[in-house]
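Step one of this worksheet: look at the structure below.
The values are calculated or read from the model by the stated rules, or taken from the named source; none is laboratory data. Model, not experiment: these values are computed from the prediction. Please note: Cβ atoms are built from the backbone with ideal geometry, for glycine as well, and neighbour counts cover all protein chains shown.
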Amino acid sequence: MPRTDEAEWWINAVYEAVQEIPRGRVTSYGHIACLLGYPKRPRQVGVSLKHLPSAPSNPETEADAEAAAAPFFHSGNVPWQRVINSKGMISHRGPGSAERQAEVLRAEGVEVEVDSMGEYYVDFGRFGWFPDVLPSEEGLESDGGDGEGERGGEEEAGRSDRDRSGNELFV
């Protein structure tokens, strides 16, 4: 069954928003929903990520490449692992899924702890990412004129190494 235009817009908006989460940081399903203007849709964020296509494999031949037409968004370019629940815990979606997500986050430098019940969690105070708006929506405006966002030659074109509060981002 084909998706409606609204559903297609929503899923693409979720994937685009998740692409903006800096490496080494995490946010919640609910915060992504809020950033998109739909604070009551955190579960729909989760559903969108659940249906994120897998990253395409490297085809050996040209015929394989045509047969495996890659979707625009996939697990190789949407950092799904950076979205966790509002309690800072990794949601279980299937056998081994939380453990796999924890491994990917640890590879990015995020400390993932395991509690006595075997639940995986992340300290939002240290690794959380909760901007008021998506960086892509801030445009090229300045950081408010206080100069703290100026980084000399260290800033990549179009990307800042600090969030709006001046905290260092892990990019």
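Taking the stretch 86-109 as the range and being in contact with a helix residue (DSSP H, G or I) (Cβ under 7 Å, 6 or more places away or on another chain), under 14 Å from residue 129 (Cα atoms) and surrounded by fewer than 15 Cβ atoms within 10 Å (Cβ to Cβ) as the test, only 86 passes.
Of all the listed residues (32, 21, 11), the sole one being assigned to a loop (DSSP other than H, G, I, E, B), at pLDDT 95 or above and among the aliphatic types (A, V, I, L, M) is 21.
Selection within the stretch 86-132: residues that are hydrophobic (A, V, I, L, M, F, W, C), touching a Phe, Trp or Tyr at 6+ places or on another chain (Cβ under 6 Å) and outside any strand (DSSP E or B). The member of this set that is nearest to residue 32 (Cα to Cα) is 90.
Across the stretch 10-38, which residue is surrounded by the fewest Cβ atoms within 10 Å (Cβ to Cβ) among those that are closer than 23 Å to residue 121 by Cβ and free of Cβ contacts under 8 Å to residues at least 24 places away in the same chain? Residue satisfying both the conditions and the ranking: 34.
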